[in-house]
Structures are given as structure tokens and as C-alpha cells.
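Below is one structure, written out as C-alpha cells, with a few remarks after it.
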Amino acid sequence: MLTPPDGYHLAGSVGLLPMGQHDPCARFVGGAFWYASRTPDGPGTLSLSRDGTRISATGYGPGAEWLLDRADALAGLRDDVSGFAHLAAAHPLVARLARTHAGLRLPATGQVFPRLLRAILEQKVTGKEAYRGYAKAVRHFSEPAPGPVERLWLPPDPEVVAAAPYWVFHPFGVEQRRADTVRRAAAAAARLEKCTDSAEATTRLTAIAGIGPWTAAEVVRVVFGDADAVSIGDYHIPNTVAWALAGEPRGDDARMLALLEPFPGHRGRVCVLLERAGIAAPRFGPRMPIRSFARF
């Protein structure tokens, strides 16, 4: 059993982990959140659900104990929000969102490769393209997770991914550039999992060809619960921040960072709150086309 703080929002917090409602490795089923993982002790599944004022945590498989030891981090209960309310007061919208979403906590998985695989497949494509490639890769390279939930899959074994030729990814709609980056990341996974904090992980991640600051930030925010990680180079976030905080319909990375400067240590949290509130800059051009490299 886990004891959350008053006002804690389980669904909102762990809901930051899945890639949509149908993520093959993490999703809500029957009111509980189910999370599959390859742990150092073997495959495991963690279930988190509300039990009155407490959170019930149940583990399955050889990795159950490993996951239960980290259940509070996965639920976001290690997230330190002290001082954020004071910083949020610097902008009326951020202050309002901090109050509205006071129960939101940033989860920390402690495992790099599962989030890195997804982040690489999200590079420079639409969300639908990214999800399609991610879901197909998981089902191709992995196997069902332990526990009672059907169609819940373990994240792929990085050794298996590293050994695959790039053309295996083609039917998933993943071109050679992203496929090669995934394979390089998989080959380095053992070293990446030894990182102890965001700074070390960012340094090691960005040393891999094909991984830049955007991908690194997307990873460390989830793996380490880094509330300050800002996704520099994102297609939408600079515009969202500029629109939300300054009423400017467009902004670049420099403008975004300048507007987030009053929130040191929590800049990524502000971006998460803006996204959670559904705030987006006005659209002026056509949407990015949804493609499939599998057809090429």
C-alpha cells in the first residue's frame, strides 16, 4: 500500500507514462493502471489502483518485487513539488494550472531504454505515425507481460533490437534513419541504464548519433522525473509556451526558454501543465501529413 498526499491524482500522474490509451506496455484496465517492465530480476508487471485514500500496488512475475520497491516512484510520489506554488505565482495562468492540477505528480520509471525507444520513434513524425511504429515494434520484438491482463506486452529486449537489421523496421513505417538510431541506442542500453541522474543520462544520450536535446529531454523527464527537462526543438511546444505565457502565436526555442526562466527547476512541469490543460497555439497552416514509410 502507498500513502499519497492529499489531493493526489493517480490517473493524471501515471497517465503521463503510456503512449495513448492503447500503449501495448502500459494502460488502464478495469480502473487500475498496468505497467509492464523488463527488470534486472526478469519480466514483471505492476498494477496501481485506488483503495480508499491509499494506493494499492500489486506485482506479477519474476520482476514483481523490483517493481514494488519502486512503485512510489512510478506513481510520482517521489516528485518534489515544494516551492513550485511560489514560482507559479509569477504568472497568473501557471498559478491557476498549479492549483487546478495540484494532484499531478511526475512519475519516474528508472529505466532508460523503453522510453528512449518511443522517443526515437517520435522524432519528426506525426503522433499517429509514431504510435504505429512503436506498437508494431513492441509486438514484433517482445512477448506478453506476466499477469492477468491480456494484450499487455513487455518492452522489447534491447539486445534483440540491437541485433536486428534496419530493414526489419521498414514494415513498421520506420525509415532507416530512425531505425539505425534505435539500433545504436539499443546497443548502448546497458551503459545508459547505469546513469544515476538526468545530467549524466543527457550527456550519454546525446553522444549517440541521432539523439539530440529533444530526445534526451523526453527521456529524462520520464525516467528520472526531471521536472526541469524542456524539449528543445519540439514542433509545437515553443508556440504553446509563447501563446500561453505571452499571447504570442509563434515562438522559437530561445523565446520559450526566456518565458520559462521564472520557473527554475520546474520548466518542464510548466510545459506538462500547459499540455494537460489542452492549451495550444493557433494553427495557420496545414497539418503535417500522415505518411507510412512501409509503402516506400
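The values are calculated or read from the model by the stated rules, or taken from the named source; none is laboratory data. Small disclaimer: the values here were computed from a predicted structure and weren't measured. Glycine also receives a Cβ, built like all others from the backbone with ideal geometry; neighbour counts cover every protein chain displayed. Just so you know, the surface numbers come from the protein's heavy atoms only, side chains and all, with ligands and any DNA or RNA stripped out. Shrake-Rupley method; radii C 1.70, N 1.55, O 1.52, S 1.80 Å.
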Quick one: Cα convex hull volume of region 75-153, Å³ per residue?
-> 168
Considering every Cα-Cα pair within region 167-219, what fraction, in whole percent, is farther apart than 12 Å?
-> 64
From the C-alpha gyration tensor of region 9-154, pull out the three semi-axes of the equivalent ellipsoid (sqrt of 5λ each), sorted largest to smallest, in whole Å.
-> 27, 20, 13
Averaged per residue, the 1.4 Å probe accessible area of the chain, protein heavy atoms only, in Å², is roughly 47
In percent, what relative contact order does region 22-93 have, based on Cα pairs under 8 Å that are 6 or more apart in sequence?
-> 20
Ordering of 261-267, 175-181 by burial proxy (mean other Cβ atoms within 10 Å per residue, highest first) | 175-181, 261-267
For the chain, size of Cβ-based charge dipole, Lys and Arg +1, Asp and Glu -1, in debye = 900
Of HIS9, VAL125, ALA254, which is farthest along the charge dipole of the chain in the positive direction, counting Lys and Arg as +1 and Asp and Glu as -1 at C-beta?
-> VAL125
Counting alpha carbon pairs within less than 8 Å and at least 6 residues apart, what relative contact order, in whole percent, applies to region 1-143?
-> 23
Expressed as a percent, the accessible surface of the chain that is carbon or sulfur, using a 1.4 Å probe and the full set of protein chains, is 55
For q = 0.16 Å⁻¹, Debye-computed log10 I/I(0) when each Cα of region 1-68 counts as one equal scatterer = -0.54
What is the spin-label model distance, in nm, from LYS128 to ILE279 if the labels are put 7 Å beyond Cα along the C-beta direction?
-> 2.8
In whole angstrom, largest first, the equivalent ellipsoid semi-axes that the Cα gyration tensor gives for the chain are 29, 26, 17
Region 149-250 -> Rg/Rh from Cα coords, Kirkwood Rh, value 1.05
Normalised by the residues of the chain, what does the relative contact order come to in percent, with Cα pairs under 8 Å and at least six apart?
-> 17
When the helix-only estimate is applied to the chain (DSSP H runs of n ≥ 4, each -39,500 (n - 2.57), divided by the residue count), what is the mean residue ellipticity at 222 nm, nearest 500 deg cm²/dmol?
-> -11500 deg cm²/dmol
In debye, nearest 20, what is the charge dipole magnitude of region 145-235 about its Cα centre with +1 on Lys and Arg Cβ and -1 on Asp and Glu Cβ, if you could check?
-> 260
Rh_Kirkwood(region 99-198) over Cα pairs, Å, one decimal, evaluates to 14.7
